[in-house]
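Enquirer: First the structure, which I've put down as structure tokens, then a few questions once you've had a look.
The values are calculated or read from the model by the stated rules, or taken from the named source; none is laboratory data. Computed from a predicted model, the values in this text were never measured in an experiment. Reconstructed Cβ throughout: ideal geometry from the backbone, glycine too, with neighbour counts over all protein chains shown. These accessible areas exclude ligands, DNA and RNA; they are computed on the full protein's heavy atoms, side chains included. Shrake-Rupley method; radii C 1.70, N 1.55, O 1.52, S 1.80 Å.
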Protein chains: 2
Amino acid sequence: MQAMISERMERQLDFIVVIDALKDITRQSITTGSRRQENDAEHSWHLAVMAMILSEYAEDQTIDIAKVISMVLIHDLVEIYAGDTYCYDEKGYEDKAEREQEAADRLFNMLPEDQAQRMMSLWQEFEEMETKEAAFAATLDRFQPLLLNYNTEGHTWQRPGITSEKVLKRTEIAKEKVPQLYEYIERLIQRSIERGMLKP
Amino acid sequence: MQAMISERMERQLDFIVVIDALKDITRQSITTGSRRQENDAEHSWHLAVMAMILSEYAEDQTIDIAKVISMVLIHDLVEIYAGDTYCYDEKGYEDKAEREQEAADRLFNMLPEDQAQRMMSLWQEFEEMETKEAAFAATLDRFQPLLLNYNTEGHTWQRPGITSEKVLKRTEIAKEKVPQLYEYIERLIQRSIERGMLKP
């Protein structure tokens, strides 16, 4: 009964247990029901389902949606070691890239080399935001907190210094790459201002 | 600036907001770090990443892993309306199928018809556990709680009536469809018994 388990499989399963920690990395957005802070695992799941449903709005319809889904599923894993950096935290952004690269090296190299390289490359592609898949993934990543904010009376928008201009600027990538969704975002921001949830 | 948003997009985005509720459907397993109950959104995310990493162990290597990933991402959505049924709750299982079918009709029909049908069909395929993709998805769904239990001193195994025989039986699908993973499961259960986390 004592079977031989390969070192490869051991490494893969160790990784799968370590990434359970993503469920404890909290974000700024709150959930629409229980109104508690969302965590990175939930956020990643939400983006993946959004990718399944919204793929028809990508400007370039040769987009590989399976790749977008893989990308959003792993895009925040580095935060297990690097922590979450709030998108309007200018100080936190100064060393974000360096902290996250170290975290990626440490985390992804737990996996067998071929898979470590695949994860690293997917994550880097996401960070660079240049390919059509990365642009679509980034659009979802920036749009999803808006949707949560809109449905929780502008929760994170209540902080000092957050204006509609800043929020719109952060979703600018959608304008060219997912134009119909950008129209939706503009309307959502307009309504949020009208309802006093977001400062103009 | 007031753009025309299609009814189709409205339905898709309403759905995306409604499924935020999956983050509040708690499960029996606890997370390895904070030791709180895991929720369905986190669980679905975990399964999707596991599918990315463990696909090489599917007995039938013609398996469509992108489909497995889509399947696990949506497999628990019906619980938003039907609730989570604990896998060893025999009473809860009596009307589980009926409750979940009603929930699926209600939830998936929020989407445009083509997408509603796709979701319904993916979910039904998962439930029937017959295709190679559904068998692999089911294996992950049954293996992941084991992995959490093993790493939280057998948390849910402490309840009355839970034995290694029951736990092993629940993962039986892996024996034929993902045999190398089944060997790992057998070893994990053996060790759990030796360490007093699970009754033989």
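Enquirer: Once the dipole of the range A:7-194 is set up with Lys and Arg at +1 and Asp and Glu at -1 on Cβ about the Cα centre, which of A:Leu22, A:Ala103, A:Thr163 lies farthest towards its positive end?
Expert: Looking along the dipole axis, the top candidate is A:Thr163.
Enquirer: Give the angle, between 0 and 90 degrees and rounded to the nearest 10, that separates the Cα long axis of helix A:40-54 from the longest principal axis of the Cα atoms of chain A.
Expert: Relative to chain A, helix A:40-54 is tipped by roughly 70 degrees.
Enquirer: Suppose all protein chains stay in the model; what accessible area per residue would a 1.4 Å probe give for the protein assembly as shown, in Å²?
Expert: Each residue of the protein assembly as shown exposes 43 Å² on average to a 1.4 Å probe.
Enquirer: Count the net charge of all other residues whose Cβ sits under 12 Å from the Cβ of B:Val167, scoring Lys and Arg as +1 and Asp and Glu as -1.
Expert: Local net charge: +3.
Enquirer: Now for a different question. Given the Cα-Cα distance of A:Ser6 and A:Gln37 and 0.36 nm per residue of separation, how much length would full extension add, in nm? Walk me through the intermediate numbers first.
Expert: Values: separation 31, 0.36 × 31 = 11.16 nm, distance 3.90 nm.
Full extension from A:Ser6 to A:Gln37 adds 7.3 nm.
Enquirer: What gaps in nm, shortest first, separate B:Asn151 from its twins in the other copies when you place the label 7 Å past Cα toward the beta carbon?
Expert: 2.8
Enquirer: Let me ask another. How are the alpha carbon pair distances in the range A:26-69 distributed across 10 Å bins from zero to the largest one, expressed in percent?
Expert: Percent of pairs per bin, in order: 26, 40, 25, 9.
Enquirer: When you look at the Cβ of every residue in A:67-77, what mean number of other chain Cβ atoms sits within 10 Å?
Expert: 3
Enquirer: How much of the accessible area of the range B:7-194, in percent, comes from carbon and sulfur atoms when a 1.4 Å probe is used?
Expert: Whole-percent figure for carbon plus sulfur exposure: 45.
Enquirer: Then there is this: Expressed as an acute angle from 0 to 90° and rounded to the nearest 10, what is the orientation of the C-alpha long axis of helix B:113-128 relative to the principal long axis of chain B?
Expert: 10 degrees
Enquirer: On to the next question. What is the pair-distance distribution P(r) of the protein assembly as shown, computed from all Cα-Cα distances in 20 Å bins starting at 0, with each bin given as a whole percent?
Expert: 27, 59, 15, 0
Enquirer: Label position 7 Å from Cα toward Cβ: report the copy-to-copy distances for A:Gln37 in nm, one decimal, ordered from shortest.
Expert: Spelled out, the distances from A:Gln37's label point are 2.2 nm.
Enquirer: A further question on this structure: Once you charge only the Cβ atoms, +1 for Lys and Arg and -1 for Asp and Glu, what is the size of the charge dipole of the range A:14-170 about its Cα centre, to the nearest 20 debye?
Expert: Roughly 700 debye, rounded to the nearest 20.
Enquirer: Can you report the principal axis dimensions of chain A using only the alpha carbons, biggest first, rounded to whole angstrom?
Expert: 66, 36, 35
Enquirer: According to the Cα gyration tensor, what semi-axes, each the square root of 5 times an eigenvalue, does the equivalent ellipsoid of the range B:100-200 have, listed from largest to smallest in whole Å?
Expert: Working through the eigenvalues yields semi-axes of 33, 16, 10 Å.
Enquirer: Calculate the mean, over all residues of peptide B:93-104, of how many other protein chain Cβ atoms lie within 10 angstrom of the residue's Cβ.
Expert: Numbers: counts 0, 0, 0, 0, 0, 0, 0, 0, 0, 0, 0, 0.
Counting Cβ atoms of other protein chains within 10 Å of each residue's Cβ and averaging gives 0.
Enquirer: Another one. Please compute the length gained on full extension between A:Glu172 and A:Gln117, using 0.36 nm multiplied by the number of residues separating them and subtracting their Cα-Cα distance.
Expert: Here the answer is 16.8 nm.
Enquirer: Which of the trypsin sites (Lys or Arg not before Pro) across the range A:140-200 are loop residues per DSSP, with 14 or fewer other Cβ within 10 Å?
Expert: A:Arg195
Enquirer: Any idea which of A:Cys87, B:Leu54, A:Thr139 is furthest toward the positive side of the dipole for the protein assembly as shown, if Lys and Arg beta-carbons carry +1 and Asp and Glu beta-carbons -1?
Expert: Checked the options; the winner is A:Cys87.
Enquirer: Right, next: Using only Cα atoms, find the angle between the long axis of helix B:7-18 and the longest principal axis of chain B, and express it within 0 to 90 degrees, rounded to the nearest 10.
Expert: 30 degrees
Enquirer: Sticking with this one: At A:Ile193 and A:Lys91, where each label point lies 7 Å from the Cα along Cα→Cβ, what is the point-to-point distance in nanometres?
Expert: Label at A:Ile193, label at A:Lys91, 3.0 nm between them.
Enquirer: How high is the relative contact order of chain A? Use alpha-carbon pairs under 8 Å, at least six apart in sequence, and give a whole percent.
Expert: 23 percent
Enquirer: Under the convention of a label 7 Å out along Cα→Cβ, give the distances in nm from B:Glu7 to the same position in every other copy, shortest first.
Expert: 6.2
Enquirer: Let me ask something additional. Over the whole of B:147-155, what's the average partner chain Cβ count within 10 Å per residue? Rounded to a whole number, please.
Expert: The per-residue average across the peptide is 1.
Enquirer: Provide the buried accessible surface between chains B and A in square angstrom, both chains summed, 1.4 Å probe, rounded to the nearest 100. Don't skip to the answer; put the middle values down first.
Expert: Numbers: alone 11230 and 11250 Å², together 17130 Å².
Summed over both sides, the interface buries about 5300 Å².
Enquirer: Run the reach check for B:Lys177 against aspartates and glutamates, Cα to Cα strictly under 12 Å, same-chain hits fewer than 8 apart removed. What comes back?
Expert: B:Lys177 reaches B:Glu56, B:Glu59, B:Asp60, B:Glu130, B:Glu133.
Enquirer: Continuing with this model, one more query. State, to one decimal in nm, how far the label point of B:Thr163 lies from the label point of B:Glu98, with both points 7 Å from Cα in the Cβ direction.
Expert: For the pair B:Thr163/B:Glu98, the computed spacing is 3.1 nm.
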